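Q: Starting off with a structure, shown below.
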Amino acid sequence: MANFTTHIAIGTIVSGALATLTLAANVIPPEALVEVTLAGVVGSVLPDIDLKESRPSRAMFAGLAVFFSFAVLFTCAGRYSIVELWILWLGTLLGVRYGLHALFHRISVHRGIWHSLLALVFVSLVTVLAFKYVLNQADGIAWLGGAFLGVGFFTHLLLDEIYSVDVMDTRLKASFGTAIKLADFHRWRDSVAMAVCTAGLIMIAPPIKQFTDAMESKAMWAGLEAHLLPKDSWFGLVEFKHQVAEKTAETPAANAVATQAPAQAPQQAAVPAAPLTTGSLPPRTPFRTIANDAVVSPAAPK
């Protein structure tokens, strides 16, 4: 199997290439591009979560511990004393980081269910729901984030299969065929449980129509084709030379004009600039606040 450095390097390259295409296609607001790209990088190391002493496993459970501990803290704020909140926060942090980590690895096996296409669909749907309901992204961006993570996840599985082939000795290693599989049929209970969870996630997932409409847009594919290769010169070198030549030719004329008194230009009223909007997929949905739901009652007559 490929090591952690190889997985994270290849995953970053693949996610970066997809992010470049996404940016050129103008289907997503630039501020959301970082989130979906990071999802692809995370997906490239996620299958090794079932390896107890692996860095992906430790990092993921550490992140989950921080997330859930602060979620408990913010949920219980105002109901308990400061000392009680500290106990709840620390207990959740340690329970998830070490307790859930130990329980997960007690019931999981490396190269088991997490190295399967069923797991790919499962974690992609979890990512869609996280983008939708935790990060509060629009439906199309949520599905794009799930797609990025799914591609990164599949990249990991593919690399493990490639490393199972010993090219020099022209033989297949014993691990060949264990990285990419539909499900873990040796531990069918794990596969059935994950399939049931996946079906449940599909039922509560946001509509995918916004994402598919953006991917099927003829304007998007035409934009990608138009931006695939440079039109005139690579990196704008020819245009840069033309600009330098024009500035050099205009310098004497500019000096002559500068010696004359400038005419007073009529003042024009400043026109406020329109806000920039990019991306065919809508931007992040604003969070609802108490102020949005407050009902202002009319003032009582004196």
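Q: Criterion first (at pLDDT 85 or above and within 26 Å of residue 179 (Cα to Cα)) does residue 116 satisfy it?
A: Working: at pLDDT 85 or above: yes; within 26 Å of residue 179 (Cα to Cα): yes.
Yes.
Q: Now, a different point. Checking residue 192 against (1) at pLDDT 90 or above; (2) under 18 Å from residue 131 (Cβ atoms); (3) not hydroxyl-bearing (Ser, Thr, Tyr), only one condition comes out false. Which one?
A: The one condition residue 192 does not meet is (2).
Q: Where residues in segment 13-27 are under 25 Å from residue 283 (Cβ atoms) and surrounded by fewer than 17 Cβ atoms within 10 Å (Cβ to Cβ), which of them is farthest from the chain's Cα centre (by Cα)?
A: Only one residue tops the list, namely 24.
Q: Scan (1) modelled with pLDDT under 85; (2) within 28 Å of residue 20 (Cα to Cα); (3) surrounded by fewer than 16 Cβ atoms within 10 Å (Cβ to Cβ) for the single condition residue 161 breaks and write down its number.
A: Of the numbered conditions (1) modelled with pLDDT under 85; (2) within 28 Å of residue 20 (Cα to Cα); (3) surrounded by fewer than 16 Cβ atoms within 10 Å (Cβ to Cβ), the odd one out for residue 161 is (3).
Q: Condition check: assigned to a helix (DSSP H, G or I), more than 28 Å from residue 116 (Cα to Cα) and modelled with pLDDT of 80 or more. Does residue 35 satisfy that?
A: On the way: assigned to a helix (DSSP H, G or I): yes; more than 28 Å from residue 116 (Cα to Cα): no; modelled with pLDDT of 80 or more: yes.
When the stated conditions are applied, residue 35 does not pass them.
Q: Within the bounds of segment 203-213, is there any residue that is surrounded by fewer than 10 Cβ atoms within 10 Å (Cβ to Cβ) and modelled with pLDDT of 55 or more? Walk me through how you get there before you give the answer.
A: So the first thing to find is which residues in segment 203-213 are surrounded by fewer than 10 Cβ atoms within 10 Å (Cβ to Cβ), and the list is 203.
If we keep only those that are modelled with pLDDT of 55 or more too, we end up with 203.
Scanning segment 203-213 turns up at least one residue that is surrounded by fewer than 10 Cβ atoms within 10 Å (Cβ to Cβ) and modelled with pLDDT of 55 or more.
Q: I'm told residue 153 meets every condition in (1) surrounded by 19 or more Cβ atoms within 10 Å (Cβ to Cβ); (2) out of contact with any helix residue (DSSP H, G or I) (no Cβ under 6 Å at 6 or more places or on another chain); (3) at pLDDT 90 or above except one. Can you identify the failing condition by its number?
A: (2)
Q: Any residue at all in segment 23-37 that is in contact with a Phe, Trp or Tyr (Cβ under 9 Å, 6 or more places away or on another chain), among the hydrophobic types (A, V, I, L, M, F, W, C) and within 25 Å of residue 160 (Cβ to Cβ)?
A: There is at least one residue in segment 23-37 that is in contact with a Phe, Trp or Tyr (Cβ under 9 Å, 6 or more places away or on another chain), among the hydrophobic types (A, V, I, L, M, F, W, C) and within 25 Å of residue 160 (Cβ to Cβ).
Q: Would you be able to say whether some residue in segment 51-60 is part of a helix (DSSP H, G or I), at pLDDT 80 or above and hydroxyl-bearing (Ser, Thr, Tyr)? Give the derivation first.
A: Initial filter on segment 51-60 (part of a helix (DSSP H, G or I)): 55-60.
The next check asks that each one be at pLDDT 80 or above; those that pass are none.
Checked segment 51-60: no residue is part of a helix (DSSP H, G or I), at pLDDT 80 or above and hydroxyl-bearing (Ser, Thr, Tyr).
Q: For the structure I just gave you, tell me whether residue 87 is more than 19 Å from residue 119 (Cα to Cα) and modelled with pLDDT of 90 or more. I'd like the intermediate steps shown before the answer.
A: Values: more than 19 Å from residue 119 (Cα to Cα): yes; modelled with pLDDT of 90 or more: yes.
Yes.
Q: OK, next. So which residues in segment 68-89 are more than 24 Å from residue 130 (Cα to Cα) and surrounded by 11 or more Cβ atoms within 10 Å (Cβ to Cβ), if there are any at all? Give the steps one after another, and end with the answer.
A: Keep residues of segment 68-89 that are more than 24 Å from residue 130 (Cα to Cα), which gives 78-87.
Hits for segment 68-89 are 80, 84, 85, 86, 87.
Q: From the set of residues in segment 41-67 that are under 16 Å from the mean Cα position of the chain (by Cα) and over 17 Å from residue 122 (Cβ atoms), which is surrounded by the most Cβ atoms within 10 Å (Cβ to Cβ)?
A: Filtering segment 41-67 down to residues under 16 Å from the mean Cα position of the chain (by Cα) leaves 41-46, 60, 63.
With over 17 Å from residue 122 (Cβ atoms) added as a condition, the list becomes 41, 63.
Values: 41: 20, 63: 13.
The selected residue is 41.
Q: Taking residue 124 and the conditions (1) surrounded by fewer than 18 Cβ atoms within 10 Å (Cβ to Cβ); (2) among the hydroxyl-bearing types (Ser, Thr, Tyr); (3) closer than 21 Å to residue 183 by Cβ, which numbered condition does it fall short on, given that it satisfies the others?
A: For residue 124, the exception is condition (1).
Q: For residue 127, work out the one condition from (1) assigned to a helix (DSSP H, G or I); (2) over 20 Å from the mean Cα position of the chain (by Cα); (3) at pLDDT 85 or above it doesn't fulfil.
A: (2)
The values are calculated or read from the model by the stated rules, or taken from the named source; none is laboratory data. As the structure is a prediction and not an experimental result, all values here were calculated from the model. Here the Cβ is made from the backbone with ideal geometry for all residues, glycine too, and neighbour counts use every protein chain on show.
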